[in-house]
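The values are calculated or read from the model by the stated rules, or taken from the named source; none is laboratory data. Remember, predicted model here, so these are calculated numbers, not experimental data. Glycine also receives a Cβ, built like all others from the backbone with ideal geometry; neighbour counts cover every protein chain displayed.
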Amino acid sequence: MKSELYDVSEKFVLRQRLRRLRNRESLRQLFRETRLSSSDFIYPIFVDHRLSEAEEIPSMPGIYRHPPSRLKNELDEVVRLQIPAVLLFGLPKRKDQLGSEAYAADGVVQQAVREVKKIAPQLAIATDVCLCQYTDHGHCGVIRDGKIANDESVELLSRIAVSHAEAGADIVGPSAMMDGQVAAIRRALDDRGFNETLIMSYSAKFASGFYGPFREAAESAPLWGDRRSYQMDSPNIREAMREIEIDAGEGADVVMVKPALSYLDVIREARTRFSLPLAAYNVSGEYSMIRAAGQKGWLDEERIVLEVLTAIKRAGADIIITYFAKDAAKLLRQSVE
Ligand code: PBG
């Protein structure tokens, strides 16, 4: 039997030859639909109040915890690689019930913000607004009667955000998944004259196993229970859209989906439905599994880093928060040289 489509003996039967688009690198460049750039990235940095020199995080090879006064090398590299923003996470000197270092004027993040402003004033400084690294129980809110008390936690989160803005943060990122946190933070900032401080809300933050290495890095694993009563249930995409819609209504400037790789459908849906800038967080576990497989020689790490970040952008993210920011920026630079 003769196939119509593949009969090459008869001329001009095969008119659709998509391989024409892929024949040479110059053509592939021309027809590329998604372009990754170092200006898409936010680089997370951990600052630790107890350290006098940088320490590598065992479960995140290549990522360090830094003393707030020793950020110069890291920041110089970020600037040189044309990454426009950093996201600061803090580990306090001491943890307590109410996470008091989180909103202290001389807290570790507040110090780090002032350092970044001094060393690299051109960078946008984002901060993580949460309590889990600062509380002795490791939850993202205040505990009352064995439960995470939403409204009381929101008050503390607002204090944290204001203290970050006072230190000079450009963007505050509430990540505690408390209801009403964006509205309260917007109001607290505006009341104190910080109407130019942006809010990047971790709107659709799922309860995920992919935060494992971060919790080791930030020593923020909950002492009892888990985060499922406040972070989202991973099967829910419609609820994720409600979270984003509410945060947009409460005044978020940027919304986020987190993690990224197991939630690309959520990123795509959010991009389709909303016009706000959309961030995606390529989280610690997504970083560590690629690093580990790369170190073992099981995967070509460089290739996969760009493939994965491109996928996140193709799904619809405008901004990618990633521990690979510096590596990816270097790879992108090599590819144009
Ligand atoms: C704080 C916070 C977490 C992450 C970002 N902000 C940890 C958590 O919710 O357990 C995770 C980031 C990562 O895994 O890279 N609430």
- Query: Restricting the first residue to the range 77-93 and requiring it to be more than 25 Å from residue 49 (Cβ to Cβ), which pairs with a second residue that is part of a loop (DSSP other than H, G, I, E, B) meet a Cβ separation below 8 Å and a spacing of at least six or different chains?
  - Reply: 84/123
- Filter result for residue 27 (outside any loop (DSSP other than H, G, I, E, B) and touching a helix residue (DSSP H, G or I) at 6+ places or on another chain (Cβ under 6 Å)): no
- Is it fair to say residue 76 is surrounded by fewer than 24 Cβ atoms within 10 Å (Cβ to Cβ), closer than 30 Å to residue 36 by Cα and at pLDDT 95 or above? yes
- Task: Among the strands (runs of 3 or more DSSP E) lying completely within the range 124-177, list those that include at least 2 residues that are under 14 Å from residue 229 (Cα atoms).
- Result: 142-144, 147-149
- If you take the residues of the range 219-260 that are within 12 Å of the ligand (Cβ to nearest atom) and in contact with a strand residue (DSSP E or B) (Cβ under 8 Å, 6 or more places away or on another chain), which of them is nearest to residue 46 (Cα to Cα)? 219
- Could you please let me know if residue 312 is out of contact with any Phe, Trp or Tyr (no Cβ under 9 Å at 6 or more places or on another chain) and in a helix (DSSP H, G or I)? yes
- Only residues in the range 34-49 that are in contact (Cβ under 8 Å) with a residue 12 or more places away in the chain and closer than 14 Å to residue 305 by Cα count as the first member; pair them with residues that are of a type outside the set (A, V, I, L, M) and within 16 Å of the ligand (Cβ to nearest atom), Cβ under 8 angstrom, at least 6 apart or cross-chain, and list the lot. 41/322
- Note on the structure: Flagged pairs (Cβ under 9 angstrom, 6 or more apart or on separate chains; first in the range 204-226, among the charged types (D, E, K, R); second near the ligand (Cβ under 8 Å from one of its atoms) and assigned to a strand (DSSP E or B)) are 205/258; 205/281
- Which residues, counting only those in the range 268-296, are crowded, with 16+ Cβ neighbours inside 10 Å, away from the ligand (no atom under 16 Å from the Cβ) and not in a strand (DSSP E or B)? 268, 269, 270, 271, 274, 276, 294
- Of the residues that make up the range 132-139, is at least one touching a Gly at 6+ places or on another chain (Cβ under 8 Å), farther than 26 Å from residue 216 by Cβ and not polar (S, T, N, Q)? no
- Right, residue 319: over 18 Å from residue 210 (Cβ atoms), among the β-branched types (Val, Ile, Thr), touching a residue at least 40 places away in the same chain (Cβ under 8 Å) and within 16 Å of the ligand (Cβ to nearest atom) or not? yes
- Yes/no for residue 104 being out of contact with any helix residue (DSSP H, G or I) (no Cβ under 8 Å at 6 or more places or on another chain) and modelled with pLDDT of 95 or more: no
- Item | Selection status of residue 183, of a type outside the set (Asp, Glu) and surrounded by 19 or more Cβ atoms within 10 Å (Cβ to Cβ) | no
- Task: Scan the range 197-220 for residues that are farther than 18 Å from residue 280 by Cα and of a type in the set (Lys, Arg) and jot them down.
- Result: 215
- Note on the structure: Picking from 194, 210, 206, the residue that is modelled with pLDDT of 95 or more, more than 27 Å from residue 94 (Cβ to Cβ) and within 8 Å of the ligand (Cβ to nearest atom) would be 210
- Residues being surrounded by fewer than 21 Cβ atoms within 10 Å (Cβ to Cβ), assigned to a loop (DSSP other than H, G, I, E, B) and among the basic types (Lys, Arg): count how many of those fall in the range 189-232. 2
- Message: Whether any residue in the range 80-87 is under 23 Å from residue 215 (Cβ atoms) and in a helix (DSSP H, G or I) is what I want to check.
- Response: no
